[in-house]
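Presented below is the structure to which this report refers.
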Amino acid sequence: MTRRERITVLYNEPILPEDHPDYVSEVDVIDSVDAVEKVLQSAGYDVTRLGVTNDAPALIRGLQEHAPDAVVNLFEGTPDNNANEMYAAGILEWLGISYTGCPFQTLVLARSKHQAKRLFHAEGIPTAPYFVVEDGVVTSCPLRYPCIVKPTQQDASVGVDQASVVTSLEQLQQRVRFLFEQFAQPVLVEEFIPGREITLALVEIPELTLLPGTEVLFQYKNPDFWPILTYNAKWDVNSPEFNETDYHFHAELSPELLARMQEIARRAFSLLGCRDYARVDFRLRAGDNQPFVLELNPNPEFAPDRGLANNLWAANITHDQFTRQLVANALTRRQGQSARRFQTRMAS
């Protein structure tokens with residue numbers, strides 16, 4: 001009897017209380033785990049789940065006990081240290097376990113938004129003018145107002161709200177001080193780019209494929225609201241921003257502009273060493289449609305009914321199909337790793 005290949009779904013076990021402001025974004029991973037487990041079981045795999053928190057030895061023990069042929073990596077870090085997202089990938093690589101999604105080095109580069117922007121700038125990938133505040137103190141602003149101020153090492157729009165856009169040095173100083181006190185990390189200050197916000201998702205199925213562009217439609221009724229994708233707009237179902245933000249999954253772009261954005265997205269994907277799937281967020285400057293990369297998001301949201309799933313739907317690819325493809329990619333890489341280890345042993 002042929003042994004079924006064992007796939008372990010690795011994820012961050014939610015630990016925040018329901019009244020915590022970040023609870024919704026953290027617990028969201030469970031929907032993804034449930035969907036992935038169901039798909040892979042129906043595909044004939046032997047599926048196990050491994051939920052861990054801020055405990056590296058528990059992660060290592062769990063992986064050794066589960067002994068997977070490949071891991072579906074849905075681990076997003078822990079609330080007290082979201083850098084654990086990249087550490088978990090590093091442990092998987094150290095143990096020689098093949099896994100889905102972007103590799104360790106990509107997660108390291110993309111996690112620090114300011115470092116990724118420096119790479120983009122060096123490689124001629126257009127990104128908004130910016131500077132970085134390392135110590136929470138800013139005495140002047142070399143950029144044109146308005147500016148948008150963000151923590152450099154947070155995901156899911158954590159730390160982004162309507163006060164993130166500033167129009168004066170006083171507001172800038174207040175916001176930088178607030179973020180530095182809140183997150184204890186460098187703060188990114190960018191020139192705010194007015195215009196359309198477009199996302200391009202890239203997936204390897206197994207060839208690198210760009211999915212139709214998604215446009216964020218800001219329909220805020222409050223005239224004082226800035227058209228930005230805040231934490232509330234993504235996660236707080238009771239907020240005006242959430243209910244007044246919509247998405248068009250076939251963004252209307254001229255062939256020339258789309259081709260230019262796709263070329264930029266491919267370059268960014270390659271530059272940061274992405275694998276399997278990633279998302280590149282753009283702003284198109286009002287007036288001339290100049291695209292600026294806001295950020296590259298490796299391993300974007302994998303829930304079956306939003307985020308990447310909607311990008312896949314626009315390309316007539318189901319979430320189930322892509323889930324199976326991710327596992328096939330990881331198993332193919334495992335075979336390559338085994339062959340290289342065999343060659344190394346023979347050479348020695």
Notebook entry, point to check: Within the stretch 159-177, can one find any residue that is modelled with pLDDT under 95 and under 19 Å from the mean Cα position of the chain (by Cα)?
Noted result: yes
Margin query: I'd like the full set of residues that are of a type in the set (A, V, I, L, M) and surrounded by fewer than 20 Cβ atoms within 10 Å (Cβ to Cβ), limited to the stretch 178-206.
Written below: 184, 205
Margin query: Residues that are farther than 18 Å from residue 92 by Cα: list the helices (runs of 4 or more DSSP H) wholly contained in the stretch 20-76 that include at least 1 such residues.
Written below: 23-27, 29-42
Next item on the list: Please work out which one of (1) touching a residue at least 40 places away in the same chain (Cβ under 8 Å); (2) closer than 24 Å to residue 194 by Cβ; (3) touching a helix residue (DSSP H, G or I) at 6+ places or on another chain (Cβ under 9 Å) is the condition residue 240 fails and give its number.
Entry: (1)
Notebook entry, point to check: Given (1) touching a helix residue (DSSP H, G or I) at 6+ places or on another chain (Cβ under 9 Å); (2) farther than 23 Å from residue 76 by Cβ, where does residue 177 come up short, assuming only one miss?
Noted result: (1)
Margin query: Condition (residue is over 29 Å from residue 160 (Cα atoms) and touching an Asp or Glu at 6+ places or on another chain (Cβ under 7 Å)) applied to the stretch 50-71: is it met by at least one residue?
Written below: yes
Checklist line | Residue count for the stretch 88-125, restricted to those that are touching a helix residue (DSSP H, G or I) at 6+ places or on another chain (Cβ under 7 Å) and either more than 13 Å from residue 275 (Cβ to Cβ) or assigned to a loop (DSSP other than H, G, I, E, B) (or both) | finding: 17
Margin query: Tell me yes or no: at least one residue of the stretch 269-284 is farther than 30 Å from residue 331 by Cβ and touching a helix residue (DSSP H, G or I) at 6+ places or on another chain (Cβ under 7 Å).
Written below: yes
Check: Just for the stretch 63-83: of the residues that are farther than 20 Å from residue 17 by Cα and either small (Gly, Ala, Ser) or modelled with pLDDT under 95 (or both), which one is surrounded by the most Cβ atoms within 10 Å (Cβ to Cβ)?
Finding: 70
Margin query: Within the stretch 177-234, take every residue that is part of a loop (DSSP other than H, G, I, E, B) and aliphatic (A, V, I, L, M) and give me the one that is nearest to residue 284 (Cα to Cα).
Written below: 193
Note to self: Of all residues being within 28 Å of residue 18 (Cα to Cα) and touching an Asp or Glu at 6+ places or on another chain (Cβ under 6 Å) in the stretch 232-255, which is least open to solvent (accessible area, probe 1.4 Å)? Just the residue, please.
What the structure shows: 233
Check: Can you tell me how many residues in the stretch 142-166 are in a loop (DSSP other than H, G, I, E, B) and open to solvent by less than 30 Å² (accessible area, probe 1.4 Å)?
Finding: 6
Margin query: Cβ-Cβ distance below 8 Å, separation of 6 or more or different chains: which pairs start in the stretch 313-333 with a residue that is within 19 Å of residue 8 (Cβ to Cβ) and end on one that is surrounded by 16 or more Cβ atoms within 10 Å (Cβ to Cβ) and of a type in the set (S, T, N, Q)?
Written below: 326/100; 327/100; 329/100; 330/98; 330/100; 331/98; 333/98
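The values are calculated or read from the model by the stated rules, or taken from the named source; none is laboratory data. All of these numbers come straight from a predicted model, not from anything done at the bench. Ideal geometry is used to build each Cβ from the backbone, glycine not excepted, and the neighbour counts take in all protein chains shown. All accessible areas refer to the heavy atoms of the entire protein, side chains included, with ligands and DNA or RNA removed. Shrake-Rupley method; radii C 1.70, N 1.55, O 1.52, S 1.80 Å.
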